[in-house]
Amino acid sequence: EKVLLMGRNEAGKTSMQSIIFSQMKPKETEFLMYTNKITVSSINFLGTEFTLADCGGQQTHLDEYLSKYPEDVFSNVAMLIYVFDIEYLEDKDYQQSYIDILSRLLDFSPGAKIFVLIHKIDKIKASDLPPKRRLCTQIVQRLTVQNSIEKIFFTSIWDDTLYNAWSQIVQSMIPVLREISQSITEFGQTNHCDEIVLVEKDTFLIVSNFERVPTREDVSYGRYERIAGIFKMLKINCREEELERISVKNKGFQAVLQKYTENTYILIIQRNQRVNINSVLYNLEVLRSKF
C-alpha cells in the first residue's frame, strides 16, 4: 500500500507524522527540519504494511511531482492524505496546488482514497472556529468535485484531534477491522464489560472500542483519543522500561490497561463492582489467540 502525505510547506505534515509514528512529543517537533523532496517510511500497523511518502511542499518540489515525474509519484497510490494550514486555505494559490495534485492522482490512481486534514486549528480563536470550519469544509468540497473524498478532519498537534483523525485514517486500511470490532463487541457483552478500547501498541491509535451503554457524542467525542494520548506520553516517558500493565481502582470504577497481543494494548473499564475484573482478564487471556 502506498500512501502520499502531501500539502504546502510548513502545513505541519512532518510534525504530525513524527508524533504519530516516531514517538515524538509535540514540543519536540518545533526543531524538525523541513522535508526535502520525498521521505519514504515503511510502516507496519496490525500486520498491514504500507509505505508512507512524506512529500516536501515547496513550490519547486510540487512542480517536479506534477511535471517531471508524475507517474513515479502518483501511480499505485492507495491513499492521499492532504494537509492544509487553516490560516492559508482561502488563498487561491494555496488551493491551486491541491487542485493540481488531485488532477494527477485522477490520472494515475483514480481509485485512491482521499483524506483532508485542515491543520493548526489552535491558531484560530475558539469563538471564530465554528464559522471557519464551515467555510473551510465548503471550500474543500468545492475543490474536490472530480474526486471522491472520504472525510475532512480539523486537527492540531496540541490536542486529541490529531489522534482521532489518524485513528480513523489507519482504520480504513485494516482489512480485518470488521472482524476485530465484532469480536470486541461479543467479548464485552459476554463478560459484562462497560467499555473496552483496543489500541495499536506503538502509535496508541484506536483500533476498535466497545461501550455497553453508548454515551452522547458531544460527551464522548475525543475521550478515547485523550486517554490514548495520556498513555502514549507515559509510554514515551518510560522509554527504558516496557509498559506491561496499569491498574486503577476506586469507588466508581476499576480499569486495567495491559499489553495484549504482539502489536496491541487493551483497556478494560468496569463500573459494576460485582463483576470480578480478574475473571474478565482471564477470559481475555483465553481468547488471545483469536485476536
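The values are calculated or read from the model by the stated rules, or taken from the named source; none is laboratory data. In this text the structure is predicted, and so the values were computed from the model without any measurement. Cβ coordinates were reconstructed from backbone atoms using ideal geometry, including for glycine residues, and neighbour counts include every protein chain displayed. Just the protein is used for accessible areas: all its heavy atoms, side chains included, with ligands, DNA and RNA removed. Shrake-Rupley method; radii C 1.70, N 1.55, O 1.52, S 1.80 Å.
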When the charge dipole of region 93-204 is computed with +1 on Lys and Arg Cβ and -1 on Asp and Glu Cβ about the Cα centre, the Cα farthest towards its positive end, among V170, Q96, L106, belongs to Q96
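Taking 0.36 nm per intervening residue step and subtracting the Cα-Cα distance, what contour gain separates Q189 from Q168 on full extension?
Working: separation 21, 0.36 × 21 = 7.56 nm, distance 2.38 nm.
Result for the pair: 5.2 nm of gain on full extension.
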Would you please classify the overall shape of region 5-83 from the alpha carbon gyration tensor, given that a ≥ b ≥ c denote the square roots of the eigenvalues, rounded means a/c under 1.5, and beyond that prolate means a/b larger than b/c while oblate covers the rest?
oblate
Positive end of the charge dipole of region 227-291 (Lys, Arg +1 and Asp, Glu -1 on Cβ, about the Cα centre): tell me which of T264, N278, N237 has its Cα farthest that way.
N278
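How much length would be gained if the chain were fully extended between R178 and D91, taking 0.36 nm per residue of separation minus their Cα-Cα distance, in nm to one decimal? Walk me through the numbers on the way to the answer.
Working: separation 87, 0.36 × 87 = 31.32 nm, distance 4.01 nm.
Difference between extended and current length: 27.3 nm.
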Hey, which aspartates and glutamates would be in cross-link range of K290, C-alpha to C-alpha under 12 Å, not counting anything within fewer than 8 residues on its own chain?
E179
Grab the Cα-Cα distance for K123 and D63, subtract it from 0.36 nm times how many residues apart they are, and report the gain in nm with one decimal.
18.7 nm
Would you please name the GluC sites (Glu not before Pro) within region 162-235 that are DSSP coil residues with at most 10 other C-beta atoms within 10 Å of their C-beta?
none
Straight-line reach only, C-alpha to C-alpha below 12 angstrom: list the aspartates and glutamates that K25 could link to, leaving out same-chain residues fewer than 8 apart.
D159
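Report the charge-dipole magnitude of region 36-133 in Debye, nearest 20, computed about the Cα centre from +1 at each Lys and Arg Cβ and -1 at each Asp and Glu Cβ. Write down the numbers at each step before the final one.
Numbers: 10 positive and 15 negative charges, 65 e Å.
It comes to approximately 320 debye.
Sort K25, K13 by heavy-atom solvent-accessible area, probe 1.4 angstrom, most to least. Walk me through the numbers on the way to the answer.
Working: K25 65, K13 10 Å².
Listed by decreasing accessible area, they come as K25, K13.
Please get the size of the charge dipole for region 108-149, origin at its Cα centre, with Cβ charges of +1 on Lys and Arg and -1 on Asp and Glu, quoted in debye to the nearest 20. Don't skip to the end; give the middle numbers.
Values: 8 positive and 2 negative charges, 21 e Å.
Rounded to the nearest 20 debye, it is 100 debye.
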Reported to the nearest 10 Å², D159 has, with a 1.4 Å probe, an accessible area equal to 70
When the chain is treated as a GNM, springs tying every alpha-carbon pair under 10 Å, which of F31, F115, F74 comes out with the largest mean-square fluctuation?
F31
About the Cα centre, charge dipole magnitude for the chain (Lys/Arg +1, Asp/Glu -1 at Cβ), debye
920
In degrees, nearest 10, the alpha-carbon axis of helix 161-171 is tilted away from the dominant principal axis of the alpha carbons of the chain by 90
Roughly how much of L287 is accessible, in Å² to the nearest 10, using a 1.4 Å probe?
60
Can you list the aspartates and glutamates whose alpha carbon is less than 18 Å from that of K251, not counting same-chain residues fewer than 8 positions off?
D194, E195
If I compute solvent accessible area with a 1.4 Å probe over the protein chains, what percent of it on region 130-205 is carbon and sulfur?
49
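Using a Förster radius of 45 Å, what is the FRET efficiency between S103 and V213 based on their Cβ-Cβ separation? Nearest 0.05, please. The partial results should precede the final answer.
Working: r = 47 Å, r/R0 = 1.05.
After rounding, the FRET efficiency stands at 0.45.
If you rank L5, L129 by how much accessible surface each has, with a 1.4 Å probe, what is the order from largest down?
Details: L5 0, L129 35 Å².
Ranked list, largest accessible area first: L129, L5.
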When the solvent-accessible surface of protein heavy atoms is calculated with a 1.4 angstrom probe, in what order do T14, T190 fall, highest first?
T190, T14
Estimated [θ] at 222 nm from DSSP helical runs (n ≥ 4, -39500 (n - 2.57)) normalised by residues in the chain, nearest 500:
-11000 deg cm²/dmol
